[in-house]
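K.L.:
Shown below is the structure under consideration.
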Amino acid sequence: MCGIYGYIGSPESIKEYHNIVLKMFIEMGVETEIRGKHATGFYGICGNEVFLNKAPVPASDFYLHKEVFDSINKNLPSIMIGHNRHATHGDPKINSNNHPFYTSRFGFIHNGIVGRVTSPEKLGIRPETECDSEWIFRYFIKHFYNGKNQINTIKKTMVEFEEGDFACAMIDAKERKLFLFRNVGRPIAVWFNKKMNIIFFSSTKEIMIDSAKAVKLEINADDIYYLKNGRILQIDENLNIKKDLVEYTPPPPLPISEPYKYTVKAVAKKKNIVSDGKYPTCKKCGKMFLNESYLNNHIEKEHEHKYANIKKNISLTYKTPVNYSADEIKLKIHNRCIEIKTANTEKMEMLFERIDIDLDTLRTMITKVEVEEFVQKIFTDIGVQI
């Protein structure tokens with residue numbers, strides 16, 4: 001789990017509200033620290049200059065470092081993206097593994113998991129780091145320079161990595177545009193401050209609200225919205241917004257010999273075919289299947305399997321008021337998972353999959369004093385010895 005944040009506005013707006021924009025960006029970085037403390041970085045553009053910095057330290061240390069602060073205070077970028085990293089692939093002490101990733105034209109940040117992509121070789125890319133987030137960026141770069149269209153290439157990239165969860169931000173320094181895009185599981189909250197004529201974004205509404213209040217900006221929660229699943233936003237410095245959406249249309253039924261695991265979404269991608277039609281749908285996860293037999297097999301293997309009952313068991317046990325934020329819970333769980341992952345790799349991978357789904361529901365299940373007990377119960381439920 002990581003956190004992303006940033007803003008975009010005209011050079012005139014940024015100049016007029018220089019101090020408050022700088023404070024807001026830094027405050028979002030510090031507030032986002034709950035989502036990752038292993039590394040912090042930013043990428044921004046001001047005029048023809050690109051500003052890039054990253055280091056394996058928490059945001060609260062990074063942005064208060066005189067050299068970092070002075071670099072952006074002197075010439076505050078009109079477009080800026082920031083990233084707080086909680087490392088899973090690639091040692092954060094090796095700074096090249098940290099976000100943002102960049103070329104001479106683009107800067108990119110990612111929150112999420114890549115998913116079941118086989119290998120960089122099969123994607124036809126050559127990553128320069130150990131961080132798998134870079135795969136998404138390199139895949140975009142490879143196909144962008146074939147077609148020269150950002151949104152179409154983003155859509156292609158989103159389909160290729162659809163098995164993962166992601167929320168991404170990218171700056172095109174040449175065309176001076178900000179791109180935001182996401183799929184299920186990783187949020188992006190957007191706030192258009194009309195008085196300042198600046199758009200801010202962050203990983204959650206709570207981060208946005210707390211940051212605005214800290215710098216004494218008036219903010220109404222109703223003015224903040226989450227990007228829809230599959231949504232792509234293209235925003236220029238004049239705040240002209242172009243929207244697009246990645247959607248999947250079910251294909252026609254295929255022969256019964258197709259394995260049950262192929263949902264209509266997966267088959268559509270594999271066969272490159274689309275059509276209208278209604279298909280049996282799983283009420284628990286919303287996936288559509290080619291026929292009832294495939295659906296029943298899916299329910300049996302994905303929802304009635306003993307590993308699939310973890311969240312159900314938890315919900316029956318923990319129904320208490322919230323003292324601990326969902327993000328803090330996720331971070332504690334993730335850290336605990338990392339600590340004992342070597343104990344049983346197969347079961348740990350299964351746990352990671354289950355724990356990473358819809359974790360905001362834990363907001364109503366766990367209190368501050370019960371976090372350790374909760375983590376222990378998860379491992380007990382799936383037979384992992386602590």
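K.L.:
How many residues are in a strand (DSSP E or B) and either of a type in the set (A, V, I, L, M, F, W, C) or outside the structural domain of K177 (by TED's automatic domain parsing) (or both) if we restrict to the stretch 21-61?
P.N.:
Within the stretch 21-61, the first condition is being in a strand (DSSP E or B), and the residues that meet it are 39-46, 49-55.
Pick out the ones that are also either of a type in the set (A, V, I, L, M, F, W, C) or outside the structural domain of K177 (by TED's automatic domain parsing) (or both) and you get 39, 42, 45-46, 50-52, 55.
Counting residues in the stretch 21-61 that are in a strand (DSSP E or B) and either of a type in the set (A, V, I, L, M, F, W, C) or outside the structural domain of K177 (by TED's automatic domain parsing) (or both) gives 8.
So that you can scan it fast, the table gives a plain yes or no per residue for (1) part of a helix (DSSP H, G or I); (2) closer than 24 Å to T204 by Cα; (3) hydrophobic (A, V, I, L, M, F, W, C):
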site: E67; (1), (2), (3): yes, no, no
site: D70; (1), (2), (3): yes, no, no
site: N73; (1), (2), (3): yes, no, no
site: P92; (1), (2), (3): no, yes, no
site: S96; (1), (2), (3): yes, no, no
site: F108; (1), (2), (3): no, yes, yes
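K.L.:
Filter the stretch 40-49 down to residues that are at pLDDT 95 or above and out of contact with any Leu (no Cβ under 9 Å at 6 or more places or on another chain) and give me whichever is farthest from R176 (Cα to Cα).
P.N.:
Applying the filter and picking the extreme gives T40.
Residues checked against (1) polar (S, T, N, Q); (2) outside the structural domain of N111 (by TED's automatic domain parsing); (3) out of contact with any Leu (no Cβ under 9 Å at 6 or more places or on another chain); (4) farther than 14 Å from I232 by Cβ:
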position	(1), (2), (3), (4)
K156	no, no, yes, no
D165	no, no, yes, yes
M170	no, no, no, no
R176	no, no, yes, yes
M196	no, no, no, yes
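K.L.:
Say whether the condition of being part of a helix (DSSP H, G or I) and hydroxyl-bearing (S, T, Y) is met by at least one residue in the stretch 114-132. Before you say what the answer is, go through the steps one by one.
P.N.:
Step one: list which residues in the stretch 114-132 are part of a helix (DSSP H, G or I), which gives 120-123.
Filter once more, so that each one left must be hydroxyl-bearing (S, T, Y): none.
Within the stretch 114-132, none of the residues are part of a helix (DSSP H, G or I) and hydroxyl-bearing (S, T, Y).
K.L.:
Follow-up. For the stretch 148-193, how many residues meet the condition of being within 17 Å of V114 (Cα to Cα), in contact (Cβ under 8 Å) with a residue 24 or more places away in the chain and either in a helix (DSSP H, G or I) or basic (K, R) (or both)?
P.N.:
Going through the stretch 148-193 one residue at a time, the tally reaches 7.
K.L.:
Is it the case, given these coordinates, that I141 is of a type in the set (V, I, T), assigned by TED's automatic domain parsing to the domain that holds I14, touching a residue at least 12 places away in the same chain (Cβ under 8 Å) and part of a helix (DSSP H, G or I)? Before the answer, list the steps.
P.N.:
Details: of a type in the set (V, I, T): yes; assigned by TED's automatic domain parsing to the domain that holds I14: yes; touching a residue at least 12 places away in the same chain (Cβ under 8 Å): yes; part of a helix (DSSP H, G or I): yes.
Criteria met by I141.
The values are calculated or read from the model by the stated rules, or taken from the named source; none is laboratory data. Keep in mind the model is a prediction, meaning the values are calculated, not measured. Ideal geometry is used to build each Cβ from the backbone, glycine not excepted, and the neighbour counts take in all protein chains shown.
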